[in-house]
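Here's the structure, in structure tokens; my notes come after.
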Amino acid sequence: MHAWSNLAPVMAVPSAFDAERALAAAVAAGDRGASERMARRLLPQVRRVARALVTRPADVDDASQVALLEVLRAAGNYRGEGPLEGWARRIATRAIMKWSGRQRLRDVRTEPLATEADPRAAWLPTAVVEALPRVLP
């Protein structure tokens, strides 16, 4: 028999994040109550991230909603190695950056072509400016 075989079995040391890990596991399992609790807890953090990253204030709510849904979808990946809020902030940051990129692409596709005003119009009468030759687009 080995000398170390007489040692008592090591009991699992409770982690400071066991409750958070249990909440995330319940969300991943589809528990609606747990999802609501997690959403209420993390929404302020997700909104702070959205306000920091989104350029148009009118888009903060949309970006926050998309990011919060992504956090809830990823709940099964939370391992409890750190605070739930820090983990959620990283997920939200990536989700909002992705959302912002899609918004920029959509805005570029839907913006009308800018028509540049003729700089000569400021000092010439309108009839003269209209008669001047223009470069075709």
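Mind checking which pairs have a first residue in region 48-74 that is in contact (Cβ under 8 Å) with a residue 12 or more places away in the chain and a second that is among the polar types (S, T, N, Q), Cβ under 6 Å, 6 or more apart or different chains?
VAL49/THR93; ALA50/SER64; LEU72/SER35
For region 75-91, name all the residues that are surrounded by 19 or more Cβ atoms within 10 Å (Cβ to Cβ) and closer than 16 Å to ASP31 by Cα.
Result: ALA75, TYR78.
How about region 58-88: which of its residues are of a type in the set (Asp, Glu), part of a helix (DSSP H, G or I) and under 16 Å from GLU20 (Cα atoms)?
Once the filter is applied, which keeps residues that are of a type in the set (Asp, Glu), part of a helix (DSSP H, G or I) and under 16 Å from GLU20 (Cα atoms), region 58-88 yields only GLU85.
Only one residue in SER100, SER35 is modelled with pLDDT under 95, surrounded by 15 or more Cβ atoms within 10 Å (Cβ to Cβ) and touching a Leu at 6+ places or on another chain (Cβ under 8 Å). Which one?
Going through SER100, SER35 in turn, just one is modelled with pLDDT under 95, surrounded by 15 or more Cβ atoms within 10 Å (Cβ to Cβ) and touching a Leu at 6+ places or on another chain (Cβ under 8 Å): SER100.
Can you tell me which condition THR55 does not meet? The list is (1) in a loop (DSSP other than H, G, I, E, B); (2) under 18 Å from ILE91 (Cα atoms), and all the others hold.
The failed condition is (2).
The values are calculated or read from the model by the stated rules, or taken from the named source; none is laboratory data. Since this is a predicted model, take the numbers as computed values, not measurements. Positions of Cβ are backbone-derived with ideal geometry, glycine not excepted, and every protein chain shown enters the neighbour counts.
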